[in-house]
Amino acid sequence: MASFDPSFDYIELLGMTPSDVLSAGALRLRKAIVAKKKEWTGKEQNPLYQQEARSAKERLLQFERLLGEQDAFVAYVHYQEEARAEKRQQQEAAIGRLIATAATGTKVLTPRQQELLQAEVRSLKVPVSVLHDVLRIMGIKSGRANRPRPARPVVPRMSNAMDPAILMETHNWLKVLDKPSLYTLLDLPESAPPSRLVATAKLLYAKWSKALPKTSVCTAWEKATQACITYLKDEEGKGRYNRALFNLRIDQFLKRVDLVFAGPTFGKAEQVLLTRVGVEDFGLSERTVRECLIARATEVGVVIETPVKVNLTLEAQIQCRRCYAWNAVDIHSNCRRCGSSLYQMCGNPACCKPAPADAKVCQHCRLNLAKGKQFAGLLDLADTFLKQGNAKGAADASTLADHILSCTETARRLACAQRIRVLTTSLRWSVAHKCWSKALVILQELVVLAPCWRQSDVPSLETITDYVVAARKKLDSIPASTDPIDAIRICLTCLRHWTDCDEAYHRAHQLCRVLEQNHRYQEAWEAVCTLAEQRAADQDLALWAQTLKTQIDDQTGRQSQHESISAAIRNGHATRQPLVEVGASI
């Protein structure tokens, strides 16, 4: 038979608390034990609880024996009371961490969060009362979820467009003339400037306003041209009209969508079909078509289980300028939707003029239209290389573009690449020889031609500018009372680190003149020789150095003769006649 286990909580087995056990008498405890034995005896009949019931009855028997020893019983109850207090603290700490995670810095928990916390507490075999106590201690209250509702998908129409009523009235007159838009009425592209649109509209209005008799066609021309003058007179009005045209295409496409949604099923095949119709027939992007499908499906209650991503290839196709439909060049010479003539845009960025769909060469710049995209891509590549200062890459791309079409654009890029090559070579030489003035001029020009050019071995424009400003400030700070030879040393030091500094050179040149005027020929000659070494191409410095050398020799000879005479006078060996001659020579 197993002995008494102090670590086991017999009080919890009875469903009581330590304070209840201490306040209850021995008779009440024995009645509680008997009641529990009967409960577990009933459960023992079930095979599922048989082992657990036998173990519980054995524990109850052990606790009943403990009642006979009063001191041991009291000590055990106090021990369990302390153990329960410690366990309660651990449970409160664990639950507090859960609540802090759920609250995320707030003092409110939603009902759903409280339900999840209660489920978690039960899984940890912790009383729910502990959760309520911790919530009360932490000051957490119950509240509703304050999340913004997900935005309902909307049809991607453009805002700030022309009023639909005005657009409808204008296009009713265009229907009489069988024209889909005001641009088609004027026979001008959408990219035409407002001044040209208004000028053309005024000419047409002047013609049809005088036409007689006043038929419906004449009236339609008058009203439509007047609308052009009114609504296309500036960029703002033209933009509103263009956005209204886009919204009109969206509405026309949605009619096709509603037609398909009204069918018995809607799956992958229907999504592919609508995407192809929206892109090829209405000139919409795949993203716009997808947004239209999702918005309309949400509105009418159609379930799109898995949105299909469709990739359409529009290579070798031309978009109609009237209805924006795409047409295969090798199949259609006129638009398959509206029947208007198809035009393709010249790929030359300097031309960009329309050409007939079946044309092989642009009649304006003579570019092979089949190589238009390649030509434009090469020019863009050359411009990218020029910005980076890659002269070789820019020259290669420009040469390839020149083989396709020899024009001023390729010649300009080739010349720019050659100039960048010359500048970078000269810049590296200037940096190697510390010619910062020249390097500064080269960098200023190079920044204009290649703003993204960077080399690790070449200082930046800002670095050279800061150094030049600091050096000039140091030269300007030389006091006027400084000895000329000290000032010359400062200038020569500056010239050693900045070889083409004109300020330091001219300052040293002037100071050498001052030394020469003060008959300090030796110091002046040494300074001039140093200047001549740094400015080898200056022949005047070499001649000046020779002149100073001659003056030094003359000064040395006179000084030697004067010293010899002085010595002779001191020794008493000089005669009157030589003294007179020497004095006369002096």
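The values are calculated or read from the model by the stated rules, or taken from the named source; none is laboratory data. Please read these numbers as outputs of a predicted model, since none were measured by experiment. Backbone-built Cβ (ideal geometry, glycine too); neighbour counts: all protein chains shown.
Considering only residues in segment 342-360 that are aliphatic (A, V, I, L, M) and part of a strand (DSSP E or B), the one that is farthest from Phe375 (Cα to Cα) turns out to be Ala355. Just checking, does segment 8-27 include any residue being at pLDDT below 75 and hydroxyl-bearing (Ser, Thr, Tyr)? No, because not a single residue in segment 8-27 is at pLDDT below 75 and hydroxyl-bearing (Ser, Thr, Tyr). Taken as a whole, segment 326-341 holds at least one residue that is under 28 Å from Leu188 (Cα atoms), modelled with pLDDT under 80 and of a type in the set (Phe, Trp, Tyr). On the basis of being surrounded by fewer than 20 Cβ atoms within 10 Å (Cβ to Cβ) and either closer than 30 Å to Pro349 by Cα or touching a residue at least 40 places away in the same chain (Cβ under 8 Å) (or both), does His433 make the cut? Taking the combined requirement at face value, the residue satisfies it. Residues that are surrounded by fewer than 15 Cβ atoms within 10 Å (Cβ to Cβ) and either of a type in the set (S, T, N, Q) or more than 24 Å from the chain's Cα centre (by Cα) (or both) within segment 446-462 comprise Gln455, Ser456, Asp457, Ser460, Glu462, listed in sequence order. Counting only residues that are at pLDDT below 80 and of a type in the set (Gly, Ala, Ser), which one in segment 131-157 is farthest from Val289 (Cα to Cα)? The qualifying residue farthest from Val289 (Cα to Cα) is Ser142.
Does Leu543 meet the test of being buried (at least 17 other Cβ atoms within 10 Å of the Cβ), hydrophobic (A, V, I, L, M, F, W, C), at negative phi and outside any loop (DSSP other than H, G, I, E, B)? When the stated conditions are applied, Leu543 does not pass them.
Just give me the residues in segment 252-306 being in a helix (DSSP H, G or I), charged (D, E, K, R) and farther than 25 Å from Cys323 by Cα, in sequence order. Quick ask: steps written out before the conclusion?
Here is the first cut: in segment 252-306, the ones in a helix (DSSP H, G or I) are 252-261, 268-281, 286-300.
From what's left, charged (D, E, K, R): 255-256, 258, 268, 270, 276, 280-281, 286-287, 290-291, 296, 299.
Hits for segment 252-306 are Lys268, Glu299.
Could you check, for segment 161-183, whether at least one of its residues is over 38 Å from the mean Cα position of the chain (by Cα), part of a helix (DSSP H, G or I) and farther than 30 Å from Asp258 by Cβ? No, the conditions are met nowhere in segment 161-183.
Being of a type outside the set (Lys, Arg) and either more than 13 Å from Leu185 (Cβ to Cβ) or part of a loop (DSSP other than H, G, I, E, B) (or both) is the filter here; which residues of segment 206-222 pass it? Please lay out each step first, then the result.
Residues of segment 206-222 of a type outside the set (Lys, Arg): 206, 208-209, 211-213, 215-222.
Scanning segment 206-222 gives Ala206, Ser209, Ala211, Leu212, Pro213, Thr215, Ser216, Cys218, Thr219.
Of the listed requirements (1) over 30 Å from Asn327 (Cα atoms); (2) modelled with pLDDT under 90; (3) among the hydrophobic types (A, V, I, L, M, F, W, C), Cys351 misses just one: (1). For segment 175-203, filtered to residues that are without any contact (Cβ under 8 Å) to a residue 12 or more places away in the chain and of a type in the set (Gly, Ala, Ser), the residue that is surrounded by the fewest Cβ atoms within 10 Å (Cβ to Cβ) is Ser191.
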